[in-house]
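Everything below concerns the one structure shown next.
The values are calculated or read from the model by the stated rules, or taken from the named source; none is laboratory data. Just so you know, these numbers come straight off a predicted model, no measurement behind them. A quick note on method: Cβ atoms are made from the backbone with ideal geometry, for glycine too, and the neighbour counts reach across all protein chains shown. The protein model used for the area step is the full one, side chains on, heavy atoms only, and it has no ligands, DNA or RNA in it. Shrake-Rupley method; radii C 1.70, N 1.55, O 1.52, S 1.80 Å.
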Amino acid sequence: MKVSVVIPAFNEEKYISRCLESLMQQQEAADEIIVVDNNSTDNTAKIAGKFGVRVIGEKRQGMTPARNAGFDAARHEIIAKADADNTLPPYWVKKIKSNFSGRKIDALTGPIIFGDFPLKTVSLSQLYSRLVKLIVGSEVLLGMNYMLTKRIWEKVKPGICWDDKLVH
């Protein structure tokens, strides 16, 4: 089982190095890392390129078009999405592979720890998920850290909302 990591990025030169460094230090390497440069006017793409990752461009502005371009470009059966300002724990890719291995899972949300939250060691994923479920009325994938199969992406992408204001 192979994992493609997709990182949409717009003017993320302050954060992209830290994110990519955390991916380079994984216990089990990602099989592919794609940074989607979404018309950055800073050095985001140049910095990402120095890490030897695949950098692709997306001219349509917005998180949704950038994410979708990355998901479409992903070559492997699991697509893991991370934000450019994420610092991923060293077991992240290994845990993704373990969670999907031998199971019939379409998608998962990973844990989220807000680095600027006073209780840095507390994962707020469950609380955040429950709050969003109350607001939206259904289960959701948390945008900062989730993964899905390429198969399910191909199945759901025709119905994806392209309006970032509605997505958020």
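A compact table of results
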quantity	calculated
For the stretch 1-119, size of Cβ-based charge dipole, Lys and Arg +1, Asp and Glu -1, in debye	320 debye
In Hz, Karplus ³J(HN,Hα) per residue of the stretch 73-84 (6.51, -1.76, 1.60; θ = phi - 60°; x = Gly, Pro)	7, 4, 9, 10, 6, 10, 10, 10, 9, 10, 7, 5
Portion, in percent, of the accessible area of the stretch 1-101 that falls on carbon or sulfur, probe 1.4 Å	46 percent
Average projected area [Cα convex hull, the stretch 44-85], square nanometres	3.4 nm²
Greater than 31 Å apart at Cα, pairs in 14/94; 46/157; 59/104; 50/150; 46/150	59/104
Nearest-10 value in Å² for the accessible area of residue 12, using the 1.4 Å probe	40 Å²
³J(HN,Hα) computed for each position of the stretch 158-163 - Karplus, 6.51 cos²θ - 1.76 cosθ + 1.60, integer Hz, glycine/proline x	x, x, 5, 6, 9, 8
Normalised contact order of the stretch 1-65, rounded percent, pairs of Cα under 8 Å and 6 or more residues apart	38 percent
Cα-derived Rg over Rh, computed across the stretch 1-95 with Rh taken as Kirkwood radius	0.93
For the stretch 8-64, convex hull of alpha carbons as volume per residue, Å³	76 Å³
